[in-house]
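Colleague: My questions all concern the structure below.
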Amino acid sequence: MSAFTTAVENGIAVVTFDLPGEPVNKLTDAVKVEFEALLIRLRDDTTIRAAVLISGKPDSFIAGADIEEFTALTTESAAERLSFEGQEMVNRVETLPTPVVAAIHGACLGGGLELALACHYRIATDHPKTQLGLPEVQLGLIPGAGGCQRLPRLIGARAALDMILTGKSERSGKALRLGLVDELVPPSILRLAAVTAADRLAREGVPKRKARGGLSDLALDRTAAGRRLVYRAAERQVQAKSGGHYPAPLRALEAVRIGLEQGITAGLAAEHHAFGELAVGEVSRKLVQVFFATSALKKDDGIPPGSAVPRQVRRLGIVGAGFMGAGIAGTAALHVEVDTRLKDADLTRVGKGLKLAGKVLAERYQRRRLTRSQYERLSALLSGGADYRGFARADLVIEAVFEDLALKRQVLAEVEAVTRPEAIFASNTSTIPIHDIAAEARRPDRVLGMHFFSPVEKMPLLEVIPTEATDPEAVITAVRFGRRMGKTVIVVADRPGFWVNRILSPYLNEAAVLLAEGVPIEVVDRTMTAWGFPVGPIALLDEVGLDVAQKAGSVMHAAFGDRLRPPETLARLLADGRLGRKNGRGFYRYHDGHKAGVDDSVYGLIGVRPIENADVTVIERRLVFALLNEAAMALEDGAVRSPRDGDIGALFGFGFPAFRGGPLRLIDDLGAQKVVDTLRDLEDVHGARFSPAGGLISLILQGGRYYPA
Amino acid sequence: MHDSRPGRRVAIVAGLRTPFAKSGTVFREVSATGLARHAARELLVRTELDGREVDEVIFGQVVPSVRVPNVAREVSLLPQLLPSVPAYSLNRACASAAQAITNAADQIALGHADVVLAGGVESLSDIPVLHSRRFSQILVEAGKAKTMGRRLGTLARTRPKDLVPVTPAVAEPSTGETMGQSAEKMAKENGISRDAQDRLALQSHQRAAAATDDGRLTAEIAPWFGGPGMDEIVTADNGIRADSSLEALAQLRPVFDRRYGTVTAGNASPLTDGAAAVLLMAEDKAVALGYQPLAFLRSYAVAAVDPGWQLLMGPVYAVPRALERAAIAWSDLGLVEIHEAFASQVLSNVQAWGSAAWAERLGLAGPVGEVDWERTNVMGGSIAIGHPFGATGARLVTTLAHEMVRRDVQFGLISICAQGGMGSALVLERD
């Protein structure tokens, strides 16, 4: 079956791209072969005066290259050739004698945008689904089909680098302002507008684009000296953001720079060289694996396929209007557009919670991601009260009250008393086993855990925790609901700490032990940010809240014994009234909500003097291997269903470095034997808490890898 | 005791309102739409009604905002309802919400709708302030001007007095008489003393304060999350003065006739912001959905008098008509709610209902009835609670229906006077 159909009318060829059997259009090898033939026809058929390229898919123009095909690339030269051929194909579009109009509705990403950039005119719909971007760096790659060349020429170096180096997509309105598209039309007349434009271009030629922008544009984008400043600023930003772990943005910057300063031929060469190197490099491999794992998770409902269908959630009830409850409410209103009722003990708390939840929407509105009417509509989804009125219609109730078993049981009983028998009850506990909460439930089959991470609107992970008794319908409902909230969902076992907090526990403990040994706070944190974490473990404790961390620590200690015994450090800080960021006092000082350096008085509280010349290698090893060992142990315990889920959980739950793939992937890369050896060394010096996980030993016996090589 | 009126019986299932607040206080920053939507949504929540059941939304509003001329549509576009629910707003002055309720009842009786959300709203903190007629004409002309020179020339015709803003007046367009002047006139012509007016005002405040304390009034109020942090909770009306006294009321100066007048800010209803909503259903629908109706609408009537005469005497005509349509006598009434626009108006209406001379004028065999204050305005009235023009009718229906349940009363009456010389009366019944 053909991916392209061409209808010629009045000398205008309308080429419709509709890749058979796929939800979105992708530039696969087969598509490219077909497209080349089409280009020959457009070149040679003298009856064709102009062409329109449009998609036959509902909300997708071209989603980009076929990433599956990247993984088959084994050598740098093959990858380089792929890029080069893409560049050539796109060049042939640009040099066609007949003008081509790209009619863009839906996602226009990566290779799709590079193709559109080579067209002679671009019309986009004003629909929110229409997004244009070059997300290649997010996969550790760079735009390799001329995107690093044409985008800066079209919209200027600064705007182009902003898009290429972050990989972010722009909505069509912004694209119009940037000059990335020439016209914005409603979807209903896209085809008509494109045909009209094609006809005009055929008669009058391609219009000269007016130089855009004001003085800064002139100064920075259109002089070599100005651009030098732009490159330097971009490089600094990239270094700060990537910590030197991600090579792609710098290579993209290089390709843009060479193209603008030395001409397009040199630029294209730099582009395909870099693409070739990156595509077979370790970082891109890891990021592509993460991409596939995340995509697979989007289709994994956590139950045997077909064993249940999700319930429609028309009203969400939330008990507990604190920071978590409000965050869940706001995020649900924003993404799921679900009627949401917030309940807390008194109206003042409810009001504060509604305000916090509303902020999730207000922030979007202020950033113009929501129109006034959308904002008003979504805001009206949020309501609350000090009683359970409104809960009788709730299909899903999420409890986000204080971490206290008796309280949670009481809330569950209250909710069961007022809701319909089919309603699902989810606890947003971070540490309490769900079966303990459900122990006195009247309908334990409707009870499960939905563990969100704070702040809910930003953190991408959700752990769904069924008990032995939970009905698959409840599981799939929670999984689907979480996914509609924009979360990546992993289904984890009902064991203390679930997955994320379980593997974090020894890591955070070890950081506290290091402090107690006198290692300075900033040394601990800087070691781990250098290793690739977005924040260090001590800063993470401040973020999580010392009270919450303490509570979690004691739960883990009770469940797993002395291996996970939390050191005294936290208790001492808590006794001093420090809760972390939320009360502005923790290991760090805070000024107007911003971190303002280490609080040196902490050392006095824990009774140590900060040592100098701490051995960073040892610090890193202790922290990393504490985490790896626990991950192996928890996986062996069945805390998580697969290494894939475990790694994604670590990446999205607490920012485990993506370029390392995840803790279990890292064990594979290091070699299980080497991990065990290192742990044994650590055990000799620091004690039994480093005793290698049984899972690692059996892994070695079974061949030594979590993932197929 | 069923009568033979046509159509289906209409159940009053529930009612709810925002707190009523003196204009320019807690709802200063809130739009009428915001108030109306709050009352409507909380009513849906409290009744646990599936929003998809609602067939129509009707709201009363007397002074609509220029930007939202049809506030009912904004209510019906609440995400809890289907966007396909039609909605309209109406204006029968102070009887607007009552009119919304009776229109809803008509639609239900006719079988055009099963479930209707009816109510009303007023925000006098959010009133349209207009330009003078002359300035508007200049602006329109300037807008049409083809050249900048001509445009500036047109605008240059503006005189300072053209720029004086025009605010909506509480005055009769036909006579130019303000509502207060009418109340003053009624006090004089009907011989209503200052003391009698102040005593009624005192009773209104004392009863409303008691009903707030014991929760009967607050039960009808959906708390409002006020202030920039949404943590300033408003659960009650802010015009009720539990500490009011005859002495304090007597101190107040008459507003509309400084020398001989008796109408003061103390014995009149204040300018108020608020919204109220009532859920009405066909009786069979209410049963099918498992609701126990508070009461049923038995009859209603609207009447009008010449506004140049005694403006607020419309109820004197409307009430006997409603009773006649209900086929009951005044003596059958267990509870009466009279809208208190002004104490002088309430006492004038009461005097007329009890008078043989008036009965003759109305063509009745005898007086309409003697008001028993033990069964009338038992939770206070608009003087204390406040009077958001468009919403009061829905408050009265809600209050009366709830109190009829509490007292196990079979028949209740609502009487509302309105601008333009109109009066509105509703009879509720319970089985």
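The values are calculated or read from the model by the stated rules, or taken from the named source; none is laboratory data. These numbers come from a predicted model, not from an experiment. Neighbour counts are summed over all protein chains in view; Cβ atoms, including those assigned to glycine, are modelled from backbone coordinates with ideal geometry.
Yes/no matrix, rows are residues, columns are (1) touching a residue at least 40 places away in the same chain (Cβ under 8 Å); (2) over 23 Å from A:Gln312 (Cα atoms); (3) in a loop (DSSP other than H, G, I, E, B); (4) not hydrophobic (A, V, I, L, M, F, W, C):
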residue	(1), (2), (3), (4)
A:Glu403	yes, yes, yes, yes
A:Pro421	no, no, yes, yes
A:Asp445	no, no, no, yes
A:Gly449	yes, no, no, yes
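Colleague: Moving on. Testing B:Trp309 on (1) under 30 Å from B:Leu117 (Cα atoms); (2) in contact (Cβ under 8 Å) with a residue 40 or more places away in the chain; (3) out of contact with any Lys or Arg (no Cβ under 7 Å at 6 or more places or on another chain), one condition comes back false. Which one is that?
Modeller: Result: B:Trp309 passes all but (1).
Colleague: Got a sec? Which of B:Gly390, B:Gly314 is surrounded by 20 or more Cβ atoms within 10 Å (Cβ to Cβ) and in contact with an Asp or Glu (Cβ under 9 Å, 6 or more places away or on another chain)?
Modeller: Working: B:Gly314 fails: in contact with an Asp or Glu (Cβ under 9 Å, 6 or more places away or on another chain).
None of the other options fit; the residue is B:Gly390.
Colleague: Considering segment B:214-234 alone, what residues qualify as being in a loop (DSSP other than H, G, I, E, B) and in contact with a strand residue (DSSP E or B) (Cβ under 6 Å, 6 or more places away or on another chain)? Walk me through how you get there before you give the answer.
Modeller: Taking segment B:214-234 and keeping what is in a loop (DSSP other than H, G, I, E, B), we get B:214-217, B:222-223, B:227-231.
Once the filter is applied, which keeps residues that are in a loop (DSSP other than H, G, I, E, B) and in contact with a strand residue (DSSP E or B) (Cβ under 6 Å, 6 or more places away or on another chain), segment B:214-234 yields B:Ala222, B:Pro223.
Colleague: Could you tell me how many of the residues in segment A:672-709 are touching a Gly at 6+ places or on another chain (Cβ under 8 Å) and of a type outside the set (Gly, Ala, Ser)? Lay out the reasoning, then the answer.
Modeller: The first filter runs over segment A:672-709 and keeps only residues touching a Gly at 6+ places or on another chain (Cβ under 8 Å), leaving A:672-673, A:704.
With the extra rule that they be of a type outside the set (Gly, Ala, Ser), the set shrinks to A:673.
Count: 1.
Colleague: Is it the case that A:Thr47 is of a type in the set (Val, Ile, Thr), farther than 18 Å from A:Glu204 by Cα and either in a strand (DSSP E or B) or touching a residue at least 24 places away in the same chain (Cβ under 8 Å) (or both)?
Modeller: Working: of a type in the set (Val, Ile, Thr): yes; farther than 18 Å from A:Glu204 by Cα: no; either in a strand (DSSP E or B) or touching a residue at least 24 places away in the same chain (Cβ under 8 Å) (or both): yes.
No; evaluated as a whole, the condition is false for this residue.
Colleague: While we're looking at this one, here's another question. Restricting attention to segment A:336-346, and to residues there that are surrounded by fewer than 20 Cβ atoms within 10 Å (Cβ to Cβ) and over 25 Å from the mean Cα position of the chain (by Cα), which single residue is nearest to the other protein chains (Cβ to nearest Cβ)?
Modeller: A:Asp346
Colleague: Restricting the search to segment B:282-298, which residues are part of a strand (DSSP E or B) and surrounded by fewer than 22 Cβ atoms within 10 Å (Cβ to Cβ)? Show your work before the answer.
Modeller: Of all residues in segment B:282-298, those part of a strand (DSSP E or B) come to B:282, B:295-298.
Answer for segment B:282-298, where residues must be part of a strand (DSSP E or B) and surrounded by fewer than 22 Cβ atoms within 10 Å (Cβ to Cβ): just B:Phe296.
Colleague: Looking only at segment A:428-447, decide whether some residue is under 26 Å from A:Asp494 (Cβ atoms), β-branched (Val, Ile, Thr) and within 14 Å of another protein chain (Cβ to nearest Cβ).
Modeller: Our first condition is that a residue be under 26 Å from A:Asp494 (Cβ atoms); within segment A:428-447, this holds for A:428-447.
Now restrict to residues that are β-branched (Val, Ile, Thr): A:429, A:431-432, A:434, A:437, A:447.
Okay, now just the ones that are also within 14 Å of another protein chain (Cβ to nearest Cβ), so none.
Checking segment A:428-447: not a single residue is under 26 Å from A:Asp494 (Cβ atoms), β-branched (Val, Ile, Thr) and within 14 Å of another protein chain (Cβ to nearest Cβ).
Colleague: Would you list the helices (runs of 4 or more DSSP H) that sit entirely within segment A:591-709 and hold 3 or more residues that are surrounded by fewer than 13 Cβ atoms within 10 Å (Cβ to Cβ)? Quick ask: steps written out before the conclusion?
Modeller: Working: elements: A:601-606, A:616-636, A:643-654, A:663-670, A:672-686, A:694-701.
Here the list reads A:672-686, A:694-701.
Colleague: I've got another one for you. Out of all the residues in segment A:167-194, which are part of a strand (DSSP E or B), under 15 Å from A:Leu113 (Cα atoms) and not polar (S, T, N, Q)?
Modeller: A:Glu170, A:Arg171
Colleague: Let me ask you something else. Mind telling me which of the residues A:Glu254, A:Glu271, A:Glu277 ends up being more than 16 Å from A:Leu165 (Cβ to Cβ), at pLDDT 95 or above and in a helix (DSSP H, G or I)?
Modeller: Values: A:Glu254 fails: more than 16 Å from A:Leu165 (Cβ to Cβ); A:Glu271 fails: more than 16 Å from A:Leu165 (Cβ to Cβ).
After applying the criteria, what remains is A:Glu277.
Colleague: While we're looking at this one, here's another question. So in segment B:227-236, with the set limited to residues that are in contact (Cβ under 8 Å) with a residue 24 or more places away in the chain and of a type outside the set (D, E, K, R), which one is nearest to the other protein chains (Cβ to nearest Cβ)?
Modeller: B:Thr235
Colleague: Same structure, new question: So in segment A:372-401, with the set limited to residues that are in a strand (DSSP E or B) and more than 11 Å from every other protein chain (Cβ to nearest Cβ), which one is farthest from A:Ser554 (Cα to Cα)?
Modeller: So, considering only residues that are in a strand (DSSP E or B) and more than 11 Å from every other protein chain (Cβ to nearest Cβ), the one farthest from A:Ser554 (Cα to Cα) is A:Leu396.
Colleague: Within segment B:55-78, track down each residue that is surrounded by fewer than 19 Cβ atoms within 10 Å (Cβ to Cβ) and at pLDDT 95 or above.
Modeller: The answer is B:Asn70, B:Arg73.
Colleague: Restricting to segment B:181-199, and then to whatever is assigned to a loop (DSSP other than H, G, I, E, B) and touching a residue at least 40 places away in the same chain (Cβ under 8 Å), can you tell me which residue is farthest from the other protein chains (Cβ to nearest Cβ)?
Modeller: Restricting attention to segment B:181-199, the residues satisfying the condition of being assigned to a loop (DSSP other than H, G, I, E, B) are B:190-193.
Now drop any that are not touching a residue at least 40 places away in the same chain (Cβ under 8 Å), which leaves B:190, B:192-193.
On the way: B:Asn190: 45, B:Ile192: 42, B:Ser193: 44 Å.
Selected residue: B:Asn190.
Colleague: Give me the pairs, please: first residue somewhere in segment B:200-226 and more than 14 Å from chain A (Cβ to nearest Cβ), second residue anywhere and part of a helix (DSSP H, G or I) and surrounded by fewer than 20 Cβ atoms within 10 Å (Cβ to Cβ), beta-carbon distance under 7 Å, and either six or more positions apart or on two chains.
Modeller: From residues that are more than 14 Å from chain A (Cβ to nearest Cβ), the pairs are B:Leu202/B:Leu246; B:Thr212/B:Thr218.
Colleague: What number of residues within segment B:43-74 are out of contact with any Ser or Thr (no Cβ under 7 Å at 6 or more places or on another chain), more than 10 Å from every other protein chain (Cβ to nearest Cβ) and hydrophobic (A, V, I, L, M, F, W, C)?
Modeller: Total meeting the criteria: 5.
Colleague: Looking at segment A:17-30, which of its residues are under 13 Å from A:Gly56 (Cβ atoms) and surrounded by fewer than 22 Cβ atoms within 10 Å (Cβ to Cβ)?
Modeller: Initial filter on segment A:17-30 (under 13 Å from A:Gly56 (Cβ atoms)): A:17-25.
Once the filter is applied, which keeps residues that are under 13 Å from A:Gly56 (Cβ atoms) and surrounded by fewer than 22 Cβ atoms within 10 Å (Cβ to Cβ), segment A:17-30 yields A:Asp18, A:Pro20, A:Gly21, A:Glu22, A:Pro23, A:Val24.
The rows are residues; the columns are (1) within 17 Å of A:Gly604 (Cβ to Cβ); (2) modelled with pLDDT under 95.
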| position | (1), (2) |
| --- | --- |
| A:Trp531 | no, no |
| A:Asp542 | no, yes |
| A:Gly553 | no, yes |
| A:Gly561 | no, yes |
| A:Arg572 | yes, yes |
| A:Asp576 | yes, yes |
| A:Lys582 | no, yes |
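Colleague: At the interface with chain B (Cβ under 9 Å from one of its Cβ atoms) and either more than 25 Å from B:Asp50 (Cα to Cα) or in a strand (DSSP E or B) (or both): does that describe A:Lys359?
Modeller: Details: at the interface with chain B (Cβ under 9 Å from one of its Cβ atoms): no; either more than 25 Å from B:Asp50 (Cα to Cα) or in a strand (DSSP E or B) (or both): yes.
No; evaluated as a whole, the condition is false for this residue.
Colleague: Also, quick follow-up: In segment A:126-148, is there at least one residue being over 21 Å from the mean Cα position of the chain (by Cα), modelled with pLDDT of 95 or more and polar (S, T, N, Q)?
Modeller: Within segment A:126-148, not a single residue is over 21 Å from the mean Cα position of the chain (by Cα), modelled with pLDDT of 95 or more and polar (S, T, N, Q).
Colleague: Turning to a different aspect of this structure: Of the conditions (1) within 11 Å of another protein chain (Cβ to nearest Cβ); (2) buried (at least 21 other Cβ atoms within 10 Å of the Cβ); (3) closer than 22 Å to A:Asp387 by Cβ, B:Thr33 satisfies every one except a single condition; which number is it?
Modeller: If we test B:Thr33 against (1) within 11 Å of another protein chain (Cβ to nearest Cβ); (2) buried (at least 21 other Cβ atoms within 10 Å of the Cβ); (3) closer than 22 Å to A:Asp387 by Cβ, just (3) comes out false.
Colleague: Do we have any residue at all in segment A:554-563 that's touching a residue at least 12 places away in the same chain (Cβ under 8 Å), surrounded by 19 or more Cβ atoms within 10 Å (Cβ to Cβ) and closer than 21 Å to A:Arg581 by Cβ?
Modeller: No, the conditions are met nowhere in segment A:554-563.
Colleague: Look through A:Arg349, A:Arg364, A:Arg409, A:Arg369 and report the one residue that is facing another protein chain (nearest Cβ under 9 Å), farther than 20 Å from B:Leu44 by Cβ and not in a strand (DSSP E or B). If you could, list the steps in order and put the result at the bottom.
Modeller: Details: A:Arg364 fails: facing another protein chain (nearest Cβ under 9 Å); A:Arg409 fails: facing another protein chain (nearest Cβ under 9 Å); A:Arg369 fails: facing another protein chain (nearest Cβ under 9 Å).
Result of the check over A:Arg349, A:Arg364, A:Arg409, A:Arg369: A:Arg349.
Colleague: Could you say which residue among A:Asp592, A:Asp645, A:Asp615 is over 16 Å from A:Leu541 (Cα atoms), out of contact with any Pro (no Cβ under 8 Å at 6 or more places or on another chain) and touching a residue at least 40 places away in the same chain (Cβ under 8 Å)?
Modeller: Details: A:Asp592 fails: touching a residue at least 40 places away in the same chain (Cβ under 8 Å); A:Asp615 fails: touching a residue at least 40 places away in the same chain (Cβ under 8 Å).
Step by step, each of A:Asp592, A:Asp645, A:Asp615 is checked, and only A:Asp645 is over 16 Å from A:Leu541 (Cα atoms), out of contact with any Pro (no Cβ under 8 Å at 6 or more places or on another chain) and touching a residue at least 40 places away in the same chain (Cβ under 8 Å).
Colleague: Which of (1) farther than 25 Å from A:Glu282 by Cβ; (2) out of contact with any helix residue (DSSP H, G or I) (no Cβ under 6 Å at 6 or more places or on another chain) is the odd one out, the single condition A:Ala118 does not satisfy?
Modeller: For A:Ala118, the failing item is (2).
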